[in-house]
Ligand SMILES: C[S@@+](CC[C@H](N)C(=O)[O-])C[C@H]1O[C@@H](n2cnc3c(N)ncnc32)[C@H](O)[C@@H]1O
């Protein structure tokens, strides 16, 4: 990021103003995605990039503001102050600072004047003191785990409890930028062919040897989808690596199962926006029922399928209340990609850690268990169900699964398939490490009770 020089480019103070509005919205409990829809379209890419940086450093910035001014100013001014402090926070070795520090202070003060004129001298004084005493202040504040890792304390404690040997790596990975990953449409070609096609247009990328990533491609550097050859024609979709495990796991089943037969009836119970629905249909000729309780999000499933020239039945309804929509014909396979804390996709959504509350995790695991219990009767004896969440918390993964299998006599948890995947950790020898997002997968088979 450099200071804009073009005369028509938005000033940094304008960008900071919109960034602070987005940060304030997150602090009030709204998602960054929703907050950015309120930002003028022309400013959005720049403001999104700034907001990502600020949210990845918000724990440090909050600690610095509390140290420098124990009484918080009005929320809008505080958000501006925090945004500026986050952008003034020392960069990691090898990174360059987003802006020259005095430019940033001057522009932040100019932005505050547009919000609350009489706070300008206060913000100016706080930021200049931070610059003067930065080494001392940051050295002191980095002793606090929340300021150091930029995660709430309850989140850190939960990770320590769930992952005693991996928690530090997860926290670090969460503050990195996730790579852009693609899924090549299996009906149109292979990952290796697509990597060669990308190379022709000057885009560097790699494919994978992993048996569940046969159609995955990772780009060296993110590009707009409009630059991806064949994107509009449905040759490729954007999808994280860990999310690409779902469809092959369900279609192929465990090592002792048969692949789903052509025409198999499959329920995708929480389908929107449809990444996994599409992947299932790319891999096999299936009769897919894509259900989601959010009718607006379900429209995105239709749009995705149309771009990829694929077909499914889409239904806006509550998967936990099948009596209101199910026709009574059992499914050969069910994918339950359940609503969750999304604690595994913090790299892509840096707002999530600030939005969740500790009590959300128990409530979500209750919803996940209810969905599992309601959908299990819809599965044929001999059929399979894949349970998935993009969470790293055990209560939403292994915890839900253990409790379900204990109560459900005819549910067999397939050993050696899936489990927890921890985000952004590369260690081929450790099955918990995933170069992709954090996920949990469990494959269940339904035994015919004699
Ligand atoms: C993790 S997202 C699914 C992502 C999707 N499988 C994909 O790969 O694109 C969870 C979805 O569950 C939906 N959902 C939440 N509660 C539901 C319910 N009771 N019935 C059906 N869908 C539900 C949400 O609207 C959300 O779209």
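None of the figures in this text is laboratory data; all of them are computed from the coordinates on show. The model shown is predicted, which means the values in this text are computed figures rather than measured ones. Cβ coordinates were reconstructed from backbone atoms using ideal geometry, including for glycine residues, and neighbour counts include every protein chain displayed.
Things worth noting here:
- With only Cα atoms counted, segment 12-149 has Rg and Dmax values of 13.9, 40 Å.
- Segment 242-446: antiparallel DSSP beta bridges as a percent of all, rounded to 5: 40
- Under a Gaussian network description of the chain, with springs only between Cα atoms under 10 Å, the residue in 198, 371, 140 that fluctuates furthest is 140.
- Cα long-axis angle, helix 358-375 against the chain (0 to 90 degrees, to the nearest 10): 20
- Counted by neighbouring Cβ atoms within 10 Å, the residues 100, 282 run from fewest to most as 100, 282.
- The ranking of 281, 425 from fewest to most other beta carbons within 10 Å of each one's beta carbon is 425, 281.
- For segment 242-446, the extents of the C-alpha atoms along the principal axes are 39, 37, 33 Å, listed from largest to smallest.
- When 365, 83 are arranged by Cβ crowding within 10 Å, least crowded first, meaning fewest neighbours, the order is 365, 83.
- Fully extending the segment from residue 161 to residue 193, taken as 0.36 nm per residue of separation minus the present Cα-Cα distance, adds 7.2 nm.
- The Rg/Rh ratio for segment 152-305, using Cα coordinates for both the radius of gyration and the Kirkwood hydrodynamic radius, is 1.01.
- For segment 234-322, the Cα-based Rg and Dmax, in that order, read 12.7, 39 Å.
- Note on residue 38/residue 70: beta-carbon distance plugged into 1/(1 + (r/R0)^6) with R0 of 25 Å gives a FRET efficiency of 0.20.
- Length released on extending from residue 406 to residue 93, taking residue separation times 0.36 nm less the Cα-Cα span: 107.8 nm
- Subtracting the Cα-Cα distance of residue 177 and residue 222 from 0.36 nm times their residue separation leaves 15.2 nm of extension gain.
- Over the residues of the chain, the helix contribution to mean residue ellipticity at 222 nm works out to -12500 deg cm²/dmol, using -39500 (n - 2.57) for each DSSP H run of at least 4.
- Degrees between helix 295-307 axis and first principal axis of the chain (Cα, 0 to 90, nearest 10): 70
- Computed Kirkwood radius, in angstrom, where 1/r is averaged over Cα pairs of segment 98-231: 19.6
- Label-reachable residues, segment 345-385, where backbone N falls under 18 Å from a point 7 Å from residue 261's Cα toward its Cβ: 379-385
- Structure remark: mean-square fluctuation, Gaussian network model of the chain, C-alpha springs under 10 Å; the largest value among 53, 277, 96 belongs to 96.
- Residue 129 versus residue 232: modelled label distance in nm, points set 7 Å from Cα along the beta carbon direction: 5.6
- Crossing angle, helix 153-162 versus the chain [Cα axis fit, 0-90 degrees, rounded to tens]: 40
- Paramagnetic label zone (point 7 Å from Cα along Cα-to-C-beta, residue 429; backbone N under 14 Å) in segment 137-172: none
- Kirkwood-Stokes translational diffusion coefficient of segment 181-238, alpha-carbon pairs, 10 °C, 1.306 mPa s, µm²/s: 143
- In the chain, the alpha-carbon atoms span a convex hull of 158 Å³ per residue.
- Normalising the average separation of contacting C-alpha pairs (under 8 angstrom, six or more residues apart) by the number of residues puts the relative contact order of the chain at 12 percent.
- Segment 111-172 versus segment 369-389: alpha-carbon centroid distance in Å: 43
- FRET E, pair residue 139, residue 103, Förster distance 22 Å, beta-carbon r, rounded to 0.05: 0.30
- Among beta bridges from DSSP that stay inside segment 209-334, the antiparallel ones total about 0%.
- Taken over the alpha carbons of segment 122-173 as equal point scatterers, the Debye sum produces base-10 log I(q)/I(0) values at 0.15, 0.19 Å⁻¹ of -0.54, -0.70.
- A protection proxy built from the mean count of other Cβ atoms within 10 Å ranks the segments 216-224, 434-442, most packed first, as 434-442, 216-224.
- Rounded to the nearest 0.05, the FRET efficiency derived from the C-beta distance between residue 206 and residue 323 at R0 = 51 Å is 0.60.
- Taking the DSSP beta bridges with both ends in the chain, the antiparallel portion is around 50 percent.
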